[in-house]
Amino acid sequence: MSRRRAGAAALLAAGVLLLGAACTAVAYPWWWTHRQASAARSLVASAPDAVEQPASPTRAHTGCSQRSRTNTVSGVLVIPAIGLVAPVVEGLSDAVLNVAVGHDPASPMPGDAGEAILEAHDVSYFSALDRLRRGEEVIWALGCRRWVFKTVSTTVADPGTLLPTPPSGFGLALVTCWPSNALWWTPDRFVVETTLSSVASAATPPGTPSVTPVDLVVPAPPALVRVGLGLEDNPVVLGTLRVEGSPTTAWRLGPGPLDAARVAVEDYFALRRTVESQDRLWWSKLALPDAPLPSAWSSSGVVDTIVHVRGESVEGVDLVSATQAVVLVVRGRDLFASRVTG
């Protein structure tokens, strides 16, 4: 084993453990603060149109002009079985996982010798990862080259679990939090392990998903905004995130659901502060005209989020706890309360 491969193997467990920061509900305020809804589409579009020529026996020369990877995008991950086309960016920071799939820098790049590790949020790009079955393809794409991996196993594992390199010597592991709809801290990881099957050329770069950025606004007056509408100012136990309706696959497997949830949670806090202060002016800005101002805010316990989508357009969001239901609807760009019960 080379010195590089030995070092990577020793750090595989640490790579899986690092995803814990992305699986903590309390941590969501930090990465939600830095979300960029349109970043995913632009990242895929900016992926390199040809691959570097690395020193690897599995990578033969192609007719592509040689260019290095961009400073931002390392490549594109394509999983045909679940309809995923996602940008891959180096690193596992919140800023990376907010808008892309992250490559663990402690592991080799996909296609190089060893076990490459890619990680993403469970309620974002990897929300459908548990649908993958043995033998299905996972493709690492760089311009006109494709490294095709075949799924070997799927498992729920503890953080820090060692991910061994497959017998072929070239593996790719996909890691996310488990369960796949969790907004709270979860100690489990869902891991897909694959082995390199083939390397081939392609006539065109991988398709770019048509993702419409979530363009929703909380119609809160400035005085209410100054009170603070983020999770850092309003602790709450978030539960699950569910998407209902007829969303496109590209929208459902991108940053859209989390962007919609972010705005809805901010609206939820604006409504709660308004009800607690019984400010009718604030309420008139946040709610539909026929929605009465509740006399008290009765929500307690875990709050689940349900996003209603048609195509790539959000039509409404429900925030539901054991004691209350808040129904939000979209009018233009604004997210208004249509009903608060409980």
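The values are calculated or read from the model by the stated rules, or taken from the named source; none is laboratory data. Since the structure is predicted, the reported quantities are computational estimates derived from the model, not experimental observations. Methodologically, a virtual Cβ is constructed for each residue, glycine included, from the backbone with ideal geometry; neighbour enumeration extends over all protein chains shown.
Free of Cβ contacts under 8 Å to residues at least 40 places away in the same chain, touching a Phe, Trp or Tyr at 6+ places or on another chain (Cβ under 7 Å) and at negative phi: is that true of Arg272 in this structure?
Judged against the criteria, Arg272 is a match.
Out of all the residues in segment 272-293, is one or more crowded, with 20+ Cβ neighbours inside 10 Å, modelled with pLDDT under 95, outside the structural domain of Gly83 (by TED's automatic domain parsing) and not aromatic (Phe, Trp, Tyr)?
Within segment 272-293, none of the residues are crowded, with 20+ Cβ neighbours inside 10 Å, modelled with pLDDT under 95, outside the structural domain of Gly83 (by TED's automatic domain parsing) and not aromatic (Phe, Trp, Tyr).
Could you list all residues from segment 311-329 that are touching a residue at least 60 places away in the same chain (Cβ under 8 Å) and surrounded by 20 or more Cβ atoms within 10 Å (Cβ to Cβ)?
Val314, Leu328, listed by residue number.
Residue check: is Pro87 farther than 22 Å from Trp178 by Cβ and assigned to a loop (DSSP other than H, G, I, E, B)?
Considered against the rule, which asks whether it is farther than 22 Å from Trp178 by Cβ and assigned to a loop (DSSP other than H, G, I, E, B), Pro87 comes out as no.
Inside segment 258-286, can you point out the residues that are touching a Lys or Arg at 6+ places or on another chain (Cβ under 9 Å) and either over 14 Å from Val225 (Cβ atoms) or acidic (Asp, Glu) (or both)?
Matches in segment 258-286: Leu258, Asp259, Arg262, Asp279.
Filter segment 90-113 for residues that are in a strand (DSSP E or B) and surrounded by 24 or more Cβ atoms within 10 Å (Cβ to Cβ) and give the result.
Val101, Gly102, His103
Return the residues of segment 318-342 that are of a type in the set (S, T, N, Q) and assigned to a strand (DSSP E or B); say none if nothing qualifies.
Narrowing segment 318-342 to residues of a type in the set (S, T, N, Q): 321, 323-324, 338, 341.
Passing the criteria: Ser338, Thr341.
Considering only residues of segment 114-141 that are part of a strand (DSSP E or B) and acidic (Asp, Glu), which is surrounded by the fewest Cβ atoms within 10 Å (Cβ to Cβ)?
Glu137
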